[in-house]
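*Asks:* This structure is in structure tokens; I'll ask about it shortly.
The values are calculated or read from the model by the stated rules, or taken from the named source; none is laboratory data. Keep in mind that what you see is a predicted model, and the values were worked out from it rather than measured. Using ideal geometry, Cβ is built from the backbone for each residue, glycine included, and neighbour counts are taken over all protein chains shown. Note: accessible area is taken over every heavy atom of the protein model, side chains too, but ligands, DNA and RNA are not part of it. Shrake-Rupley method; radii C 1.70, N 1.55, O 1.52, S 1.80 Å.
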Amino acid sequence: MIRDFTQEAKDLLHGHVDAVNPEGAWEYIKDVLGDLGLDVLEWIGALSLDAYIDDIDGYHNKIIDKNNVSREQIDKIFQDVEETDSRFAGRLGEIAECIAVQVQYVNRMAEVFSIKNPVAFSTAAYLLKGSIGDVQEKELRIILGCYREGEITKLSERQRELAVCYVESQSRKLGRDVTLLEGDEKKQEQMFVVDLYRMLEPGTAEGFDSLFGSADGEIEEFDRYNIMYIAYTSEEPFHSLFFNTLGSYTIGSVGLSGTSYFSSGDNTINFDVSSAFYHCPKGAYNTFFHECGHAIDYQMGEDGFYSVGYDGGANYGIIYNDVYSYIGEQIDAYGESNGIKNMAELKSKILASIRRGDTFLLNTEQKIKYDIIKKQIYTEFSRISGSHKYKTETGRLAGTMMLAGVSDVYGGITNNVVMGNRGHFPSSDTEPLTYWYNPESGEKTGAQEKEMWAHYFSFSICGDEEAVGEMEKYLPETMEQYGRMAEDMKEGAGGIDG
């Protein structure tokens, strides 16, 4: 028997429904009594398809009458069938396309192996190797489609190996800079890679969906895929640190104006999306991952932030020594280039003035030199990248602020006396700066260690080798210490997939 789901069959069933469905109160009573009779027929076996093999229309009438089938229910059945037909037609089309690509690949392989010239054979074999990705992509698209439809609930070992191999090779091909993945073709390739990662790691996929869904506003698909791509393709130990803590914090506000922050009170990361995501001056999504870095630091700490208490609280002292060592070197270099004698005394006074936060110890001539040295460092730390670009909201390309982390950390140690153009400032000119040190006691707040970690984490997970290199140049001992700390954090983190 053929199951007929044509429009003619649908119209016929509508006619049966119209013929048997009751209209009005009296018709409803008769329908109830009629259903009782149909129940008796069913009980004695008379209401079966065999009994109506020569009267299919009559059988349809009785079944529709007994179950009170409506036009809407019939429409829903036909709609489901049409969707299933369409889905399977698409799948069969994908399979046919995949087979065609495989046949083409085998034919090309046969041609390559027929080449006698060693040089020509080597060249052809190399080109053939590159085209295997096309074959893998076709097969993986079928696998991904079946996985999404629930036709595959668990990947086989071969399917998993195929997907892992493909995402690794394709990620290397695409690169890690999402600002270079523009245009429909590259964007589709990037999204496919992310979808495969999500299929391979369902726990992280759920973690991302939960994180994005926790925001108080919509995070666009464009940003979601870019964030996931950066995280999935990141290197260790930052990859594990991000995913092993995914789900331990949420997103709060995404509509802030000009600021972003982590709130330990409600365990949320909060953003000005216009400057924290794609158009971030430090590089695309750097500020997003910076706040994730703060959240990870907090989740990993047993009593407060991990970076503050790590190694018996040694981080601040190491950062402090790096900062003042460099400042001292700049003072020496200035004195040497200008032929200044008795530099030891001048150096001592300038360093003391920076630590004090005033120029009370300096005479007029010394103040001039003090300002010159500060300005030189400010100019150095305010440099922008000549090769790594970000796109502003107006679409203009500008160099990323590759020394943003260095500037902020130097400001943290010197209480904003020595720094570049990036840092943490009081909300107004009339308010004291309280972020780095307590104004009354002079005690550090711990923000120095925390900001150093967040900058290190965000530039590293985003793959900004230039910015990481600048941090190594101006904070050498600190970067070694934080590298060890990152590995120790990874060892102490637990995975969300159990």
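*Asks:* Out of (1) crowded, with 21+ Cβ neighbours inside 10 Å; (2) in contact with a Ser or Thr (Cβ under 8 Å, 6 or more places away or on another chain), what's the single condition that is false for N226?
*Replies:* (2)
*Asks:* Check off (1) of a type in the set (G, A, S); (2) assigned to a loop (DSSP other than H, G, I, E, B); (3) on the phi < 0 side of the Ramachandran plot for G258 and give me the number that stays unchecked.
*Replies:* Going through (1) of a type in the set (G, A, S); (2) assigned to a loop (DSSP other than H, G, I, E, B); (3) on the phi < 0 side of the Ramachandran plot one by one, G258 breaks only (3).
*Asks:* Here is a further query. If you go through segment 461-472, how many residues are open to solvent by 20 Å² or more (accessible area, probe 1.4 Å) and either in contact (Cβ under 8 Å) with a residue 40 or more places away in the chain or of a type in the set (S, T, Y) (or both)?
*Replies:* 4
*Asks:* I want to confirm something. Restricting to segment 427-451 and keeping residues that are without any contact (Cβ under 8 Å) to a residue 12 or more places away in the chain and among the polar types (S, T, N, Q), which single residue is most open to solvent (accessible area, probe 1.4 Å)?
*Replies:* The residue in question is T430.
*Asks:* I've got another one for you. Q366 fails exactly one of the following numbered conditions: (1) over 30 Å from S460 (Cα atoms); (2) touching a strand residue (DSSP E or B) at 6+ places or on another chain (Cβ under 9 Å); (3) of a type in the set (S, T, N, Q). What is the number of that condition?
*Replies:* The single condition Q366 does not satisfy is (2).
*Asks:* Separate question: Restricting attention to segment 406-426, which residues are out of contact with any Asp or Glu (no Cβ under 8 Å at 6 or more places or on another chain), open to solvent by less than 10 Å² (accessible area, probe 1.4 Å) and of a type outside the set (S, T, N, Q)?
*Replies:* Y410, G411, I413, V418
*Asks:* Under 19 Å from the mean Cα position of the chain (by Cα) and open to solvent by less than 60 Å² (accessible area, probe 1.4 Å): does that describe G183?
*Replies:* no
*Asks:* Of the residues V406, V417, only one is assigned to a helix (DSSP H, G or I) and β-branched (V, I, T); which?
*Replies:* Result of the check over V406, V417: V406.
*Asks:* If I ask for residues that are surrounded by fewer than 18 Cβ atoms within 10 Å (Cβ to Cβ) and within 44 Å of the chain's Cα centre (by Cα), which ones from segment 359-373 would you list?
*Replies:* Of everything in segment 359-373, those that are surrounded by fewer than 18 Cβ atoms within 10 Å (Cβ to Cβ) and within 44 Å of the chain's Cα centre (by Cα) turn out to be D371, I372.
*Asks:* Just to verify a result, which residue in segment 257-271, among those that are in contact with a helix residue (DSSP H, G or I) (Cβ under 8 Å, 6 or more places away or on another chain) and surrounded by fewer than 19 Cβ atoms within 10 Å (Cβ to Cβ), is farthest from R176 (Cα to Cα)?
*Replies:* Here the residue is S264.
*Asks:* Still on this structure, please answer the following. Checking D209 against (1) in contact (Cβ under 8 Å) with a residue 24 or more places away in the chain; (2) among the acidic types (D, E); (3) surrounded by fewer than 20 Cβ atoms within 10 Å (Cβ to Cβ); (4) part of a helix (DSSP H, G or I): exactly one of these is not met. Which one?
*Replies:* Status for D209: all satisfied but (1).
*Asks:* Also: Regarding segment 322-344, can at least one residue be identified that is in a helix (DSSP H, G or I), surrounded by 12 or more Cβ atoms within 10 Å (Cβ to Cβ) and touching a Ser or Thr at 6+ places or on another chain (Cβ under 6 Å)?
*Replies:* yes
*Asks:* A follow-up question, please. Can you tell me which residue in segment 274-297 is farthest from the chain's Cα centre (by Cα), limited to those that are among the aliphatic types (A, V, I, L, M) and more than 15 Å from L211 (Cα to Cα)?
*Replies:* Top of the filtered list is A276.
*Asks:* Take the residues in segment 245-256 that are among the small types (G, A, S) and in contact with a helix residue (DSSP H, G or I) (Cβ under 9 Å, 6 or more places away or on another chain); name whichever of them is least open to solvent (accessible area, probe 1.4 Å).
*Replies:* S248
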